[in-house]
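Everything below concerns the one structure shown next.
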Amino acid sequence: AFLQAPMLPMQPPAKSPSAPQAAAAFGALGGMTEVASSSKAASVVHSSSFEMMLAQNQRILDEKQRQLQELQQQLAEEQRRKAEEEAAKRDEELRKQAQELQRQQEELRKMEEEQRIEEAEASAKLLHAELLELIITAERECELALTVLEPVLSEALRKGLTDEDVVSTADDFEPARLRAALALRKCSSFMQGKHRQLMGAKEETKKKASEHIQRMGKAERGLQSAQGRAAAAKLPAKQRIEAEARRQAAILEAKRQEEIFKKFDSDGDGCLSIEDIIAMCKDEYNFDLEGLRLEGIKKSDLFKSGSVPFAKYSALRTMIGIARGEAQARQRREEAAVRRKRDIEQCATVEANAKLVIECLVGIEAETRKAEIRAGPLQAIAVPRAAAFAPSNAAQAVSEVDTAVDA
């Protein structure tokens, strides 16, 4: 509205007099001098007013231009503000869309997580059922093994057991222990590589899995403890049994040696003469006592009294053992010498036979060539298109070939 305000009208300057008028005026110059002076003054005043109006209009124009610039700035500011608002709206919309997408993704992730948890729980429950069955079987086998070993584990029951009973019970426990260990090994093999699946996803499932593992560990530790206690009870009992067996064997051996001594004590005086010793070596030890070893026994402290009493019989047996060892070594050397001699003779025989065979092969090769030559005509019958051969000569040719082959 302000820009539409009218500017002050600009009056044009007064027109100059025309040529006829100037001529007429020039004619009456004298009378017109005063009039001309007055017109000139009026023209100057009119020109000054025009300039003032022009300056005023210029100021108005400048003011309107300034106002126009301000309006343009306001318009640009308004456009910028609207653009910013629109950009903010777009950003808000994008932000809301991103939030919605994030929410949807979060819901999808939750659904997938719930599905994964359900699948993990279902798989864990199946594994728990299978593992529980194996654990129950293992616990039952462990209980059976402990029942077998109960007389040894119980202090009250072990007091009435002999060493043989303890060893027998420990031996009976071993097969039962192996069965229980096998059942526990099946549990461990089943769990191998499935620990995470057994744990599932929920705390309750993890707790049950831990309980199953603890039960299996408890059964295994109980079996190992029983094995250790069985070994601890069996070892000293077995040692005592072996010691008693050695003692009884020593007693029997002493009785046997006493009987041998009495057997070869020809005069029953409680001492062995040199003849008795030679006879004992022959019959009991299966070798002949002679030579240096016989002289060594005669000259030893055992034989100072001319015979060996039973008190020194053990030392005599030692000397006899040494003598028998030397006799056996001498016999082995003799047998080895006989074997070497026999091997040499066999090698000589083989070499002689080989020469004879080579000589025979030379004759065989000659006879073979003769048989091939004599069998040549027979090829006329077997080979087509061969040279003609009279059938009447076939029998004679065959006979000659057989003779050559026999040779």
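Among the candidates R66, R158, R95, the residue that is closer than 30 Å to A181 by Cβ, surrounded by 10 or more Cβ atoms within 10 Å (Cβ to Cβ) and over 45 Å from the mean Cα position of the chain (by Cα) is uniquely R158. Among all positions in the range 250-273, there is at least one residue which is under 30 Å from D171 (Cβ atoms) and under 56 Å from the mean Cα position of the chain (by Cα).
From the list A380, A388, A395, the lone residue that is outside any helix (DSSP H, G or I), at pLDDT below 70 and small (G, A, S) is A388. List pairs: first in the range 314-332 and within 13 Å of I277 (Cβ to Cβ), second open to solvent by 80 Å² or more (accessible area, probe 1.4 Å) and in a helix (DSSP H, G or I), Cβ under 6 Å, 6+ apart or cross-chain? What qualifies is A323/R293. For the range 113-129, residues that are within 33 Å of the chain's Cα centre (by Cα) and open to solvent by 90 Å² or more (accessible area, probe 1.4 Å) total 6.
Note on the range 285-313: among residues that are open to solvent by less than 90 Å² (accessible area, probe 1.4 Å) and without any contact (Cβ under 8 Å) to a residue 12 or more places away in the chain, the one that is farthest from the chain's Cα centre (by Cα) is E295. Considering (1) closer than 30 Å to Y313 by Cβ; (2) open to solvent by less than 70 Å² (accessible area, probe 1.4 Å), the lone condition that K255 does not fulfil carries the number (2).
The values are calculated or read from the model by the stated rules, or taken from the named source; none is laboratory data. No experiment lies behind these values; they were computed from the predicted model shown. Methodologically, a virtual Cβ is constructed for each residue, glycine included, from the backbone with ideal geometry; neighbour enumeration extends over all protein chains shown. The accessibility values were calculated without ligands, DNA or RNA, using every heavy atom of the protein model including side chains. Shrake-Rupley method; radii C 1.70, N 1.55, O 1.52, S 1.80 Å.
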